[in-house]
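Report on the following structure.
Please treat every number below as a calculation from the coordinates, not as lab data. What you see is a predicted model, and the numbers here were worked out from it, not measured in a lab. So basically every Cβ, Gly included, is an ideal-geometry build from the backbone, and we count neighbours across all protein chains shown.
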Amino acid sequence: MLFNVAGLLRGSVGATRNYEVEPVTVLDDGDRFEAVHGPVRMMRTDRGVLVEARFEATGADICSRCLTPVHTNIEVQVEEEYYPINPFPGAGIDYEHPEATGGLDDTVSLIDDRNEIDLTEVVRQALVAARPMAPLCRAECRGICPVCHADRNVRPCDHDDPDVDRSPMRRLAQEWRKVK
Ligand SMILES: [Zn+2]
Ligand SMILES: [Zn+2]
């Protein structure tokens, strides 16, 4: 998700550009977000470029009860101001270089020396934060039997569930405690 903002930086404060991100896949460790897409608006500020975007994505996940693959719909809003790492002469940026002043900490987002903004990282972080903690294949998923390990959606069994919570992760945590 690279955007060249040289033109915008040469423009006056308040100038805007609108873009549309075509569906892309964003990966993060074990997470996978497909068809990430949406409108992006960039506005020239007195210090850099303000990015406002709204993305929709499909999260590839597994059901927290029965472990079958599920797809979740995720929507995120992104708002981030980017500062030129190297404001070119004539850009009229009212901004002093962070290395010269120590004025900006290392958490600021930077426009690189080719005048490009890479949105991938902020979008990735927003998607990870928005993904459901315990996705379900369906609201009434019966989960996996803790006794015989049958998928109760496919093959109901007669075992009583000693657990109110059928989450396999919870189950694993209990097994782990037993071992210790
Ligand atoms: Zn399920
Ligand atoms: Zn069973």
- Separation between Cα centres of region 107-149 and region 6-23, rounded to whole Å: 27 Å
- Could the peptides 64-71, 149-156 be put in order, highest first, of the mean number of other beta-carbon atoms found within 10 Å of their residues? 64-71, 149-156
- Task: Highest first, please rank the peptides 138-144, 53-59 by the mean number of other Cβ atoms sitting within 10 Å of their residues.
- Result: 53-59, 138-144
- Task: Kindly rank 2-13, 118-129 from highest to lowest mean number of other beta carbons found within 10 Å of each residue.
- Result: 118-129, 2-13
